[in-house]
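Participant: Next up is a structure, given as structure tokens.
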């Protein structure tokens, strides 16, 4: 397998648009560097990146805050909180956050495919009411389904949290991040930033909980530090294994590239062999990775303004997993 340095060089080779920020935490110290075309070191500036599905870990963090406050339980049915047709069974929060509820990744709504084909945000403009209506129409059995990564599912969890706190998701999440986590540069995307090509979101979009945050390297490193320290204490609960990830195409693909998915906590993926907790994220023009070893207190963050599909090594998850392994190897 290529080294992290080789992966970075290949990703940035002759790419004039590349702005890749790489950060690590080791021995309690955070360090980061910005790389551009041909992996040249750029001025040390904190850029604003879309973090895509890393947003789900924030939704999970807010969920565990609610659990700690006694407002909700992992084993509660979504039917307890959402206005759904009477039915004997609706999925539990536990099954949704482990992607074993039986939901598909997403469900087609008017306009989604056309926007995606134009390179736009396919999730833009889907109202929460449509999401809840869809959740009420799906008929699932009371069992654990095979792992299937679901943007729809985490958006349903966001809708539940909005009901629990009686607040729309965008202000709820923004206030939580600012006041509870004290991350000043992380928020639901408003389209502003220095790197351009940001996805368009409406502040009442249903899929915000699945992938709408933007952030900076400073905030992402601090977020990793908060999870490793367990500050607030309930964050540790999000890493505890809730389900095993059986054989699946997604798991096999990531494992082949060095990012194993053996089990899952509350959204967080776990590499049990390397004892790594991690998650990645991607939008049309951005992709990212955040992983950490809670025992050794080391972490790696990769934020990229490149499509994860342009080159294999352009996937931040591949580069980030390799970087974190190299950090671990220094402890052997």
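Read-outs throughout are calculated quantities, based only on the coordinates presented, and are distinct from any laboratory measurement. If you're wondering where the values come from, they're calculated on a predicted model, not measured in any experiment. Methodologically, a virtual Cβ is constructed for each residue, glycine included, from the backbone with ideal geometry; neighbour enumeration extends over all protein chains shown.
Participant: In percent, how large is the relative contact order of segment 54-188, given Cα pairs closer than 8 Å and 6 or more residues apart?
Facilitator: Numbers: 145 pairs, mean separation 38.2, N = 135.
The normalised contact order for segment 54-188 reaches 28 percent.
Participant: Follow-up. Cα gyration tensor of the chain, axes a ≥ b ≥ c as square roots of the eigenvalues: rounded (a/c below 1.5), prolate (a/b > b/c) or oblate?
Facilitator: Prolate is the answer for the chain, as a/c is 1.5 or above and a/b outweighs b/c.
Participant: If one computes the Cα centroid of segment 27-100 and of segment 240-265, what distance in Å separates the two points?
Facilitator: Centre-to-centre distance over Cα atoms comes out at 17 Å.
Participant: Just grab the label-to-label distance for residue 231 and residue 31, each label 7 Å out from Cα along the Cβ direction, in nm (one decimal).
Facilitator: 2.2 nm
Participant: A further question follows. Taking the beta-carbon count within 10 Å as an exposure proxy, list 32, 199, 278 from fewest neighbours to most. Before the final figure, lay out the partial values.
Facilitator: Values: 32 18, 199 22, 278 26.
Going from least to most buried by this count: 32, 199, 278.
Participant: Continuing with this model, one more query. Kindly put 132, 97 in sequence by how many other C-beta atoms sit within 10 Å of each C-beta, fewest to most. The partial results should precede the final answer.
Facilitator: Working: 132 20, 97 27.
Listing 132, 97 from fewest to most nearby Cβ atoms yields 132, 97.
Participant: Using a Gaussian network model of the chain with C-alpha springs under 10 Å, which one of 135, 316, 255 is most mobile by mean-square fluctuation?
Facilitator: In this elastic network of the chain, the residue with the biggest mean-square fluctuation among 135, 316, 255 is 255.
Participant: Let me know the whole percent of all Cα-Cα pairs from segment 240-284 that are separated by more than 17 Å.
Facilitator: Working: 261 of 990 pairs.
Cα-Cα pairs in segment 240-284 separated by more than 17 Å: 26 percent.
Participant: Mean residue ellipticity at 222 nm from the helices of the chain, using -39,500 (n - 2.57) per DSSP H segment of n ≥ 4 over the full residue count, to the nearest 500 deg cm²/dmol? Don't skip to the end; give the middle numbers.
Facilitator: Working: 11 runs with 105 residues, N = 332.
The per-residue figure over the chain is -9000 deg cm²/dmol.
Participant: Continuing with this model, one more query. From the Cα gyration tensor of segment 54-188, with a ≥ b ≥ c the square roots of its eigenvalues, which class applies: rounded if a/c is under 1.5, or else prolate if a/b is larger than b/c, or else oblate?
Facilitator: Details: a/c = 1.66, a/b = 1.06, b/c = 1.56.
Oblate, because a/c is 1.5 or more while a/b does not exceed b/c.
Participant: Label-point separation (nm) for residue 104 and residue 250, each offset 7 Å from Cα along Cα-to-Cβ?
Facilitator: Output for this residue pair reads 1.5 nm.
Participant: Label segment 20-115 by shape, choosing from rounded, prolate and oblate, from the square roots a ≥ b ≥ c of the eigenvalues of the Cα gyration tensor; if a/c is under 1.5 it is rounded, and otherwise prolate applies when a/b is larger than b/c, oblate when it is not.
Facilitator: Details: a/c = 3.65, a/b = 1.81, b/c = 2.02.
Taking the square roots of the gyration eigenvalues as a ≥ b ≥ c, segment 20-115 is oblate.
Participant: Between residue 167 and residue 275, what length in nm is gained on full extension when 0.36 nm per residue of separation is reduced by their alpha carbon distance? Kindly include the intermediate steps, with their values, before the conclusion.
Facilitator: On the way: separation 108, 0.36 × 108 = 38.88 nm, distance 3.65 nm.
Taking residue 167 through residue 275 to full extension adds about 35.2 nm, to one decimal.
Participant: Would you mind telling me which residue in 163, 133, 88 has the biggest mean-square fluctuation in a Gaussian network model of the chain, where springs connect alpha carbons within a distance under 10 angstrom?
Facilitator: Checking each option, the largest mean-square fluctuation is seen for 88.
Participant: Which residue fluctuates the most in the chain, going by a Gaussian network model with Cα springs under 10 Å, if the choices are 114, 224, 60?
Facilitator: 114
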